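Working notes, beginning with the structure itself.
The values are calculated or read from the model by the stated rules, or taken from the named source; none is laboratory data. This is a predicted model, so every value here is computed, not measured. Every residue, glycine as well, gets a Cβ built from its backbone with ideal geometry; the counts of neighbours run over all protein chains shown. Each accessible area value is taken on the protein alone, full model and side chains, heavy atoms only, with ligands, DNA and RNA left out. Shrake-Rupley method; radii C 1.70, N 1.55, O 1.52, S 1.80 Å.
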Amino acid sequence: MVRFVTNTTKESKQDLLDRLKKLEFDISEDEIFTSLTAARNLVEQKQVRPMLLVDDRALPDFKGIQTSDPNAVVIGLAPEHFHYQILNQAFRLLLDGAPLIAIHKARYYKRKDGLALGPGPFVTALEYATDTKATVVGKPEKTFFLEALRGTGCEPEEAVMIGDDCRDDVGGAQNVGMLGILVKTGKYRAADEEKINPPPYLTCESFPHAVDHILQHLL
């Protein structure tokens, strides 16, 4: 059984599914678990009206959520919103007691033109300015991985996570008891495997190499 787990907040789950299918992935919607899904679940549980600092392409995943007169701040990767005026509005809401929900706190991500700042630095700035702590719902939070496994009939000790982010993918998965395989593609940088303790179960050159190892040694 396979689950595609992602912190992406740049697009809705449906857009992500369509993009993967164009790449010829044989995948269904229920095999995808995103941090946007986890954030929406938390908003509904808390019954709050969020100020959504997310990419416009991610808004369909919050369809039906009341956002007028906001009393919470939800922040993802939204470069077009990360400017002083908008962040100051969020700052004032938080000062008035609104909760801060971070879809994830990635330090950076990979774009076609190179590495770029993720939402983590902006979440941390709001935490620092308001002396509050965000509730984080995406990787590397334990609840994210456990929710992704729910319904699979698979325990963490029976699961393997493959990813290019040493902290968020591998470290987060290993913290719940999964095996973590780091691949040297995407956002990987030299010596990333030395940044977590315990280190990755395995570091591979690519995703196919990781799959080959699983098929040969773990099944």
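Just a few scattered comments:
- Residue match in segment 22-30 (condition: modelled with pLDDT of 90 or more and at positive phi): yes
- If the condition is being in contact with a strand residue (DSSP E or B) (Cβ under 9 Å, 6 or more places away or on another chain), open to solvent by 40 Å² or more (accessible area, probe 1.4 Å) and farther than 17 Å from PRO99 by Cα, then segment 39-80 contributes LEU59, PRO79.
- Qualifying residue in segment 73-83 (condition: of a type in the set (D, E, K, R) and part of a helix (DSSP H, G or I)): yes
- Screening the candidates GLY163, GLY171 for the property of being under 16 Å from PHE4 (Cα atoms), crowded, with 19+ Cβ neighbours inside 10 Å and not hydroxyl-bearing (Ser, Thr, Tyr) yields one hit, GLY163.
- Residue list for segment 117-154, restricted to those being in a loop (DSSP other than H, G, I, E, B), at pLDDT 95 or above and open to solvent by 30 Å² or more (accessible area, probe 1.4 Å): ASP131, THR132, LYS133
- Residue check for ASN88: open to solvent by less than 40 Å² (accessible area, probe 1.4 Å), more than 22 Å from the chain's Cα centre (by Cα) and over 19 Å from ASP15 (Cα atoms): yes
- If you filter segment 75-98 down to residues that are in contact with a helix residue (DSSP H, G or I) (Cβ under 7 Å, 6 or more places away or on another chain) and not aliphatic (A, V, I, L, M), you find that the one that is nearest to SER35 (Cα to Cα) is GLY76.
- Where PRO99 falls short, out of the listed (1) open to solvent by 60 Å² or more (accessible area, probe 1.4 Å); (2) closer than 14 Å to MET51 by Cβ: (1)
- Matching residues, segment 19-38, being open to solvent by 50 Å² or more (accessible area, probe 1.4 Å) and under 21 Å from GLY76 (Cα atoms): ARG19
- Filter result for the condition that a residue is closer than 18 Å to SER35 by Cα and out of contact with any His (no Cβ under 9 Å at 6 or more places or on another chain), over THR185, THR135: THR135
- Filter result (more than 14 Å from the chain's Cα centre (by Cα) and either part of a helix (DSSP H, G or I) or not aliphatic (A, V, I, L, M) (or both)) within segment 91-109: PHE91, ARG92, LEU93, LEU94, LEU95, ASP96, GLY97, PRO99
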